[in-house]
Amino acid sequence: MNDAAAAPNTSQDSRLRERAARVIPGGMWGHQRASAVPAGYPQFFAGGDGATVRDVDGRDYIDFMCSWGPIILGHRHPEVDAVVRAQMEAGDCLNGPTEHAVRLAETLVRMIPHADWALMQKNGSDAMTTCVTLARAGTGRRKILVASGAYHGAVPWSSPSLLGVTAEDRAHLLHYTYNDAESLAAAAEAAGGDLAGIIVSAFRHDVGTPQEMPTAAFATTARALCDAAGAALIVDDVRAGFRLNLGGSWEEVGVRPDLAGYSKAIANGQPLAAVTGNDRFRPAAADAFFTGSFWYSGAPMAAAVKVLDILERENAPARLQAAGARFAEGFVAAGARHGLEVSLSGPPAMPEMHFADDRDHALAETFCLEALRRGVYLHHRHNMFLSLAHSDAVVDRAVDAMDDAFAALARSRPTST
């Protein structure tokens, strides 16, 4: 496994950080999730293969972040890479879309029960902003309900940062508490006759807090409120889409949205997003103006068609659930062997770690650094991701390394007298 987590000053990673600091505001800090990993983690990577990534200094890690979600089949999946290469050789960004755009929309409509149509974009912020625009265009109203603390994109209406954001950018947002049906109903009442839509995350995955799956009472209340008001129920499936249920994450609670946004895993690392919707919002989707210079490039759509085919063929949600359950069992047992009470929240395919009595995440951060030294890339306060490349053998190898990391953590803790 790897000898050290921290890159020395003479490392390629350090040299790239220094170069970045001169030409990228803030260096890499705050960009591409660089600020969300502990100090000592590598910032720059050279490649990936299957369930592993390699940093620019040649160290390999079993990857439990999967590029923060986009990798669902494994890095450099040969079937996906082949269709991407074929389209790139033919031409990628052309004067109009390729056939893959139609094939992808047809696939999404076939797979997703609520979907009568699909539109493509480039990233999750695009998709969720499109959903908000469609909700307002389709209803002629303004108010959007969002859960407090939820993240729906790096754009002014939803960014966690208030820098450069005006009050007007968020003038028509009202907040509720996720999984609190009464709070949601109160927010809908406050919106009155101006309610355009309710946005719900696939599950509660706020950074640094235990994850929560949606309750049946919350999900059915959201659907009922939208039906009563003629508003759009919008599921943000950008992060969880295709990992929990190929038909949409809220199929798991038996509630179907009017609109949903997808990105992350849709194309196994190729830049792509999608919005799906029902026929009620088809006129709005046809008439509203959406575009982007690279939104309909052919290679990412070819990748997505192939990815969705493989996910169906491999029964991906069941396999990811099984791999996540194996990871969770090994993680909790390894911690217990060394006197550490640990747990995971959220769905097995997207777990988040928790240490007992670790409110500032210091124990989790130290553990993740110990795991990194042993060749396992984890995160201490963000949900992680598994891919189909996380076989039993890969998970078991990671658990063995984590056992050693737990042992090191236990040795470093002061003993009580």
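FYI, it's all coordinate maths here, none of it is from the lab. The shown structure was predicted, so the numbers you read here are calculated from the model rather than taken from an experiment. For neighbour counting, all protein chains shown are included, and Cβ atoms are generated from backbone atoms with ideal geometry for every residue, glycine included.
In table form, for the structure just shown:
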{"read-out": "Test item: Cα-centred dipole of the range 79-313, Lys/Arg +1 and Asp/Glu -1 on Cβ, debye", "value": "120"}
{"read-out": "Loop sites in the range 228-278: chymotrypsin sites (Phe, Trp or Tyr not before Pro), DSSP, at most 15 other Cβ within 10 Å", "value": "none"}
{"read-out": "Relative contact order (percent, whole number), the range 79-313, Cα cutoff 8 Å, 6+ residue spacing", "value": "32"}
{"read-out": "Nearest-ten-degree value, helix 181-191 long axis tilted from longest Cα axis of the chain", "value": "50"}
{"read-out": "Extreme residue, positive dipole direction of the chain, given options Gln270, Leu378, Ala224 (C-beta unit charges)", "value": "Gln270"}
{"read-out": "Cα lying deepest toward the dipole's positive end in the range 162-221, options Ala167, Ala191, Thr209, charges on Cβ", "value": "Thr209"}
{"read-out": "Least to most buried among Asp237, Asp60 (fewest other Cβ within 10 Å first)", "value": "Asp60, Asp237"}
{"read-out": "Over the chain: helical MRE at 222 nm, DSSP H runs n ≥ 4 each giving -39500 (n - 2.57), nearest 500", "value": "-12000 deg cm²/dmol"}
{"read-out": "Choice from Ala188, Ala407, Ala303 with maximal GNM fluctuation in the chain (Cα, 10 Å cutoff)", "value": "Ala407"}
{"read-out": "DSSP beta bridges in the chain [antiparallel fraction, %, rounded to 5]", "value": "55"}
{"read-out": "The range 284-314 and the range 156-170: distance between their alpha carbon centers, rounded to Å", "value": "28"}
{"read-out": "Size of electric dipole in the chain: Cβ of Lys, Arg +1 and of Asp, Glu -1, about Cα centre, debye, nearest 20", "value": "580"}
{"read-out": "Among Leu104, Ile234, Pro156 the positive-end extreme of the charge dipole of the range 79-313 (Cβ point charges)", "value": "Pro156"}
{"read-out": "Per-residue Cβ neighbour rank within 10 angstrom, fewest leading, Asp357, Asp392, Asp55, Asp126", "value": "Asp357, Asp392, Asp55, Asp126"}
{"read-out": "Relative exposure of Glu352, Glu99, judged by other C-beta atoms within 10 Å (fewest first)", "value": "Glu99, Glu352"}
{"read-out": "Antiparallel %, DSSP beta bridges [both residues in the range 79-313], to 5", "value": "40"}
{"read-out": "For the range 318-417, size of Cβ-based charge dipole, Lys and Arg +1, Asp and Glu -1, in debye", "value": "140"}
